[in-house]
Every structure is written in C-alpha cells, then in structure tokens.
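Peer 1: The structure that follows is given in the form of structure tokens.
The values are calculated or read from the model by the stated rules, or taken from the named source; none is laboratory data. These figures come from a predicted structure and were not determined experimentally. Here the Cβ is made from the backbone with ideal geometry for all residues, glycine too, and neighbour counts use every protein chain on show. Side chains are part of the model used for accessible areas, which takes the heavy atoms of the whole protein and leaves out ligands, DNA and RNA. Shrake-Rupley method; radii C 1.70, N 1.55, O 1.52, S 1.80 Å.
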Amino acid sequence: MRSHGCGDLRADHAGQDVQLCGWVDRRRDHGGVIFIDLRDRSGTVQITVDPDLGAEAFAVAEHLRNETVIQVAGTVRPRPAEALNEKLATGAVEVLAASISVLNSVKGNLPFPVSVHDEENTREELRLRHRYLDLRRERMNGNLRLRAQTIQAARRFLEDAGFIEVETPVLTRSTPEGARDYLVPSRVCGGEWFALPQSPQLFKQLLMVGGIERYYQVARCFRDEDLRADRQPEFTQLDIEVSFMGQEEILELNEALIATIWKAVKGVALPRPFPRLTWHEAMERYGTDRPDTRYGMELTNVSDLVAGMGFKVFSGAVAAGGSVKCIAVPGGNEALSNVRIKPGGDVFSEAQKAGAGGLAFIRVREGGEIDTIGAIKDNLSAATKAELLERTGAVPGTLLLFGAGDTATVNKALDRVRQYLARELAMVQPDRENDAWNFLWVVDFPMFEFNAGDNRLEALHHPFCAPNTDDLGSDPGQWAETLPTARAQAYDLVLNGLELGGGSLRIHDSALQRQVLQTIGLPLEEANRQFGFLMEALDMGAPPHGGLAFGVDRIVMLLAGEESIRDTIAFPKTQQARCLMTQAPADVAPQQLEELHVASTWSEEES
C-alpha cells in the first residue's frame with residue numbers, strides 16, 4: 001500500500017513517485033492550496049494539494065479531518081527556500097499529491113487533540129481511557145520504541161554472553177512471603193487456587209539445578225499491592241540467574257549489561273565500576289537504602305555530641321536508644337524561612353509525613369555564630385558548637401536541620417526532607433536527561449528485619465538469599481543463633497534514588513534453607529508443604545548460583561525522562577489498579593463463578 005514511510009523522504013528522493021499511508025496530523029487551507037501533514041510511525045511529511053494539478057485529490061482534501069487514515073500517491077519535490085522546516089527530518093521536501101484515498105474516516109469528535117503540534121495538557125484519565133489515541137502521539141510512540149530498544153539491547157548482550165531465554169509458568173502456587181498474590185481459582189481442582197507469579201524466583205533456581213547455568217527472561221510479574229507512580233499490579237522484569245559465579249562476577253556482569261543498554265539507547269558511556277555502599281553506610285549517611293547521590297546534604301550523626309546537653313528533645317532521644325542526626329542545607333538561611341520549618345510549614349510537613357514530630361534547626365551566621373529558637377543555643381557549649389560545625393562542614397549561610405527520636409523514624413524523616421529540599425532548591429533538575437547518571441550498588445543487607453505487627457522476623461528481600469558465610473559460622477548447630485543477625489549476600493542497583501533492580505546469591509543447601517524458613521516463623525512441616533519441591537531439588541546436586549532482576553518499566557521511565565512508569569507501558573492500570581479503556585476489572589456471570597466453585601462476599605457498603 002505504500003512505497004516509503006512518511007518520515008523517510010529526503011532531498012535525494014526529489015523527482016520520485018511515491019505512495020504513502022498514514023494519519024492526517026493537520027490540514028491547512030491556504031486559499032487555493034491545501035497542505036496536509038501526514039504522519040506514520042516513521043515521522044511526518046508535508047503533502048501539497050494543488051487543484052490545478054489534481055482536482056480529484058483537492059476535492060477529497062477539502063473535507064479531511066484530523067486523524068483520518070489516508071493513502072496518498074504523488075511526486076517528491078524540494079520545498080521553496082522560504083518554506084524549509086528545520087524542525088522536521090523531512091523539512092526539505094514535500095509531496096505533490098496526484099491522488100488521495102480515504103482508508104478510514106473519523107466518525108465522531110476526538111476526545112483530545114492527537115497532533116504533535118497540539119501542546120494541550122490532556123488529563124491522564126482521558127489519555128488512559130482512549131489509550132489507542134494517546135499511543136499515536138510522538139511522546140508515547142517514542143517511549144514504546146525506546147522500551148523495545150532497551151529490551152533488544154539487553155537480549156543481545158545476554159545472548160552473546162551465553163544466556164538462553166526460558167519461559168517460566170504464569171500459573172503457579174501461592175507462597176507466604178512478599179506482597180499479596182493475585183489468585184486464580186481452579187475449575188478442575190475444586191477449592192484450590194493458582195497464584196500469578198510475583199517473580200520467577202523459585203523456577204529460575206530450579207533451572208540452575210537443571211543445568212541451564214545461564215538463564216534470562218523478560219518476565220511478566222504480578223503483585224496485589226498499594227500503588228504509586230512507579231508501581232503497577234502487572235509489571236515486567238528482566239530476570240537473570242547464573243551458576244558458578246560469585247557476587248563480584250555477578251556485579252561485573254550486570255554493570256556491563258547496564259552500560260550496554262545506556263550506550264545503545266542514550267549514547268552514554270557509563271563510568272565503571274559503579275560505586276558501592278554497604279546497607280549500613282547507606283542508612284547512616286542517607287537514611288535510606290536507595291540514596292540519591294547526585295547532591296550532598298548527607299545525614300550527620302551527632303548523638304554523642306548532644307547526649308548530655310540540657311535540651312531534652314535531643315538528650316532524651318539518645319537516652320531512649322534513639323538518634324539525633326542532622327543535614328546541612330547550603331544556602332538554607334536565605335532560602336528557607338522559619339515559617340517553612342515550624343508547624344504548618346512545607347518542610348515541617350514533609351518531616352511529619354515520615355512520622356517525625358518536627359524539626360529542630362540552627363542557622364550558621366558570619367563568624368560561626370549560631371541562631372536558633374528554644375533551648376538549643378543555651379545548652380550548646382563552645383566546644384560542642386565547634387565540633388558540630390566541623391562535622392557538618394557548615395559555613396556561614398548554612399541551615400542545619402535536626403531529627404531526634406528512634407533511629408528508623410529519624411532516618412525516614414531526614415531522607416524525605418533531604419529529597420524534598422533537593423527538588424525545591426534545584427539541586428537536581430526536573431529533566432532527568434540533563435542530570436548525571438549516578439549508579440550505586442548497595443550491598444551487605446541484613447538477612448532479616450523485625451515485623452512488629454506479627455512479632456517475628458521476616459526476610460528483608462526474600463527467604464532464598466544466602467547469608468554471609470563469615471556471619472553464619474561453620475557449625476550448623478549454631479545457625480539458629482547466628483542467622484538472625486547475619487548479613488545477606490544481597491545487592492541492589494540504585495540510580496538517582498530509585499532502585500533499578502536487586503538480587504543475591506541463593507541458598508543451595510537444603511538444611512540451611514530449612515533453617516532460614518524456620519527463622520521467619522515457618523514451622524518445619526509447613527516449610528516442607530510449601531517448599532518441599534525446592535528442598536528436594538537442592539539435595540539433587542544444586543550448584544552455587546545467584547542472580548538479579550531489573551524493573552524494565554522503571555529503567556525505561558528513567559531513560560525516557562518520564563515521572564511515571566505508566567508512560568512507558570502500552571496499556572497501564574491506574575493507581576486504583578483499573579484499566580480505564582477496557583473497564584477491567586469487571587463483573588462476571590454467576591455461572592462462571594459456579595464453575596469455579598467460588599462465590600463473592602463483596603457488598604456495596606464495603607466500597
């Protein structure tokens with residue numbers, strides 16, 4: 001139906017007869033001559049319709065609406081010098097139409113303008129309801145192409161490195177760890193359920209037992225969890241598992257993979273090796289295990305300095321086993337008023353949202369003098385003040401913001417405030433493409449964290465991570481004692497404050513795996529019922545193995561400079577886990593539920 005793409009025509013095509021197909025991006029009637037911007041996947045070209053050179057084509061062009069699908073036959077010719085369009089790749093030529101055929105017309109009103117020339121900010125709800133129109137826009141079309149390019153680069157790298165792609169089941173069994181599962185009732189096995197996979201974790205480990213050695217998969221995963229801008233109920237992972245590799249080799253392999261993607265997609269040569277921080281260092285310096293290292297304002301622990309001072313907010317927090325930390329905000333004296341830090345202010349609000357009662361502050365003036373409110377100044381000795389200024393690197397004009405309380409809350413509050421101020425004070429620019437690509441490995445995570453609600457330990461990543469052998473000890477009889485405080489051989493890759501992916505070395509000893517499951521409160525009988533197939537496989541000559549999974553949606557979001565992964569997915573769900581276009585989820589016929597041996601207990605009052 002066409003000889004060329006609309007965006008493929010250049011000056012050296014002048015004089016050629018061509019046939020094009022696409023959508024009417026815009027029609028302009030200049031009183032006697034009609035110009036049509038014709039758009040397809042390759043780009044846009046100008047079609048000129050002159051009544052003296054094609055009366056029938058002109059009659060059709062007079063009634064064309066935007067987004068009508070047409071076929072154009074004509075001749076390529078150079079544009080006049082005064083009509084060149086440097087914004088278009090095809091801006092040096094135009095096509096003089098000999099004939100125009102309407103392949104499909106627009107029957108109703110468009111819900112929003114699609115044309116690349118329209119700058120209207122369409123509500124996301126409207127974009128998602130009519131996603132097929134939104135996908136025609138340059139931005140979304142480009143994002144999906146970038147996504148395909150990203151996956152293509154990853155596949156080529158991995159296959160050149162000897163990896164093979166293996167599909168793992170989508171219908172599997174529910175496991176007790178992680179987020180909520182999406183459950184699927186079985187019709188043929190009444191009363192029993194499948195679960196959609198949160199990840200291919202167990203299957204990829206079994207592939208290693210099966211001698212595959214180097215596996216990868218672009219895997220669809222599902223989690224029934226609370227949503228936000230960078231989460232979806234169904235998402236895509238680039239899943240990787242290898243045998244006979246230690247942690248160093250796995251990190252080097254994945255650095256090379258990421259560098260290959262960035263070079264192919266962005267043309268950026270990433271410096272390697274990527275920096276590393278232990279989990280403990282990240283929490284101490286940034287208050288989070290996914291720190292944004294593009295700017296300073298690191299947390300400084302001053303608990304020892306203020307433990308004995310008369311300011312009870314500080315000394316009381318330390319006495320209760322908590323911490324006092326602060327961040328130094330350069331230029332904060334001028335940029336941030338007291339009103340913004342005190343109750344009701346925006347900075348105070350950020351700390352409060354993270355669970356803090358508020359923020360104490362000190363302003364550093366000329367000559368190292370300090371200015372503050374309340375009892376801090378009166379209880380701060382000259383020696384303590386000098387040490388405080390030295391530790392924080394504060395100079396005149398610096399604002400020191402303090403958090404005091406239990407360490408977890410202090411970390412969470414100052415991390416949130418730090419990120420908020422970095423945006424407010426333009427330490428990072430909104431356009432991520434102009435920012436540095438600050439990659440960071442965070443390593444040596446704790447094996448477990450305490451779940452106060454359930455009064456038990458739970459795996460920080462998942463219960464298949466291998467513990468650090470230095471922490472574990474060689475005597476299996478001591479594992480029950482050493483495991484709770486052991487570090488995991490786990491690692492996360494962080495980019496500009498967002499986690500891109502994570503992984504670990506896996507447990508390949510069944511006795512250790514059983515002990516880990518018991519440590520998180522799973523009785524041995526239940527562990528065997530849930531994971532007996534895994535334990536049996538580990539006893540059949542399981543090799544040492546490990547791996548990693550990257551969030552494809554999040555990687556593409558960062559590469560595209562978008563703020564939400566919804567703008568990198570063809571048909572995403574809303575933050576309420578709904579598809580506005582198909583109106584899913586939806587009711588089903590009672591007969592379908594009867595066949596599945598289930599009944600709904602939902603009532604309208606619950607909504």
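Peer 1: For the range 193-217, what are the residues that are open to solvent by less than 40 Å² (accessible area, probe 1.4 Å), of a type in the set (A, V, I, L, M, F, W, C) and touching a helix residue (DSSP H, G or I) at 6+ places or on another chain (Cβ under 9 Å)?
Peer 2: Residues satisfying the conditions are Leu202, Val209.
Peer 1: Same structure again: Determine whether the range 568-576 contains at least one residue that is in a helix (DSSP H, G or I), open to solvent by less than 10 Å² (accessible area, probe 1.4 Å) and either within 30 Å of Met140 (Cβ to Cβ) or acidic (Asp, Glu) (or both). Steps first, answer last, please.
Peer 2: Going through the range 568-576, the residues in a helix (DSSP H, G or I) turn out to be 568.
With open to solvent by less than 10 Å² (accessible area, probe 1.4 Å) added as a condition, the list becomes 568.
Add one more test, that the residue is either within 30 Å of Met140 (Cβ to Cβ) or acidic (Asp, Glu) (or both), and what stays is 568.
Looking through the range 568-576, at least one residue is in a helix (DSSP H, G or I), open to solvent by less than 10 Å² (accessible area, probe 1.4 Å) and either within 30 Å of Met140 (Cβ to Cβ) or acidic (Asp, Glu) (or both).
Peer 1: How many residues does the range 131-151 hold that are part of a helix (DSSP H, G or I), without any contact (Cβ under 8 Å) to a residue 60 or more places away in the chain and open to solvent by 30 Å² or more (accessible area, probe 1.4 Å)? Full working, then the answer.
Peer 2: So the first thing to find is which residues in the range 131-151 are part of a helix (DSSP H, G or I), and the list is 131-134, 138-151.
From what's left, without any contact (Cβ under 8 Å) to a residue 60 or more places away in the chain: 134, 138, 145, 148.
Restricting the remaining residues to those that are open to solvent by 30 Å² or more (accessible area, probe 1.4 Å) gives 138, 145, 148.
Number satisfying all stated conditions: 3.
Peer 1: Follow-up. Is it the case that some residue within the range 495-508 is open to solvent by less than 70 Å² (accessible area, probe 1.4 Å), outside any helix (DSSP H, G or I) and of a type in the set (Lys, Arg)?
Peer 2: Within the range 495-508, one or more residues are open to solvent by less than 70 Å² (accessible area, probe 1.4 Å), outside any helix (DSSP H, G or I) and of a type in the set (Lys, Arg).
Peer 1: Something else about it: What are the residues in the range 139-165 that are over 26 Å from Gly43 (Cβ atoms) and either small (Gly, Ala, Ser) or more than 24 Å from the chain's Cα centre (by Cα) (or both), if any?
Peer 2: Within the range 139-165, Ala154, Glu159, Asp160, Ala161, Gly162, Phe163, Ile164 meet the criteria.
Peer 1: Which of the following residues is open to solvent by less than 20 Å² (accessible area, probe 1.4 Å) and either outside any loop (DSSP other than H, G, I, E, B) or under 18 Å from Glu298 (Cα atoms) (or both): Ala351, Ala404?
Peer 2: On the way: Ala404 fails: open to solvent by less than 20 Å² (accessible area, probe 1.4 Å).
Criteria check complete, one pass: Ala351.
Peer 1: Can you find a residue in the range 432-444 that is loosely packed, with under 12 Cβ neighbours inside 10 Å and not in a loop (DSSP other than H, G, I, E, B)? Working first, answer last.
Peer 2: Step one: list which residues in the range 432-444 are loosely packed, with under 12 Cβ neighbours inside 10 Å, which gives 434, 436.
Within this subset, residues satisfying the condition of being not in a loop (DSSP other than H, G, I, E, B) are 434.
Yes - at least one qualifying residue is present in the range 432-444.
Peer 1: Next question. Which pairs have Cβ atoms under 7 Å, sit 6 or more apart or on different chains, and link a residue in the range 100-116 that is open to solvent by less than 50 Å² (accessible area, probe 1.4 Å) to one that is among the acidic types (Asp, Glu) and in a loop (DSSP other than H, G, I, E, B)?
Peer 2: Pairs that qualify, where the first residue is open to solvent by less than 50 Å² (accessible area, probe 1.4 Å) and the partner is among the acidic types (Asp, Glu) and in a loop (DSSP other than H, G, I, E, B), are Val106/Glu67; Phe112/Glu120; Pro113/Glu120; Val114/Glu67.
Peer 1: Can you pull out every residue in the range 332-345 that is exposed (fewer than 13 other Cβ atoms within 10 Å of the Cβ) and either part of a helix (DSSP H, G or I) or among the small types (Gly, Ala, Ser) (or both)?
Peer 2: Of everything in the range 332-345, those that are exposed (fewer than 13 other Cβ atoms within 10 Å of the Cβ) and either part of a helix (DSSP H, G or I) or among the small types (Gly, Ala, Ser) (or both) turn out to be Glu334, Ser337, Asn338, Val339, Gly344.
Peer 1: Scan the range 584-597 and give yes if some residue there is open to solvent by 60 Å² or more (accessible area, probe 1.4 Å) and among the polar types (S, T, N, Q), otherwise no. Lay out the reasoning, then the answer.
Peer 2: Residues of the range 584-597 that are open to solvent by 60 Å² or more (accessible area, probe 1.4 Å), as a first pass: 585-588, 590-592, 594-595, 597.
Those left that are additionally among the polar types (S, T, N, Q): 591-592.
There is at least one residue in the range 584-597 that is open to solvent by 60 Å² or more (accessible area, probe 1.4 Å) and among the polar types (S, T, N, Q).
Peer 1: Moving to a separate point now. Within the range 249-262, which residues are in contact (Cβ under 8 Å) with a residue 60 or more places away in the chain and either over 23 Å from His545 (Cα atoms) or open to solvent by 60 Å² or more (accessible area, probe 1.4 Å) (or both)?
Peer 2: Thr260, Ile261, Trp262
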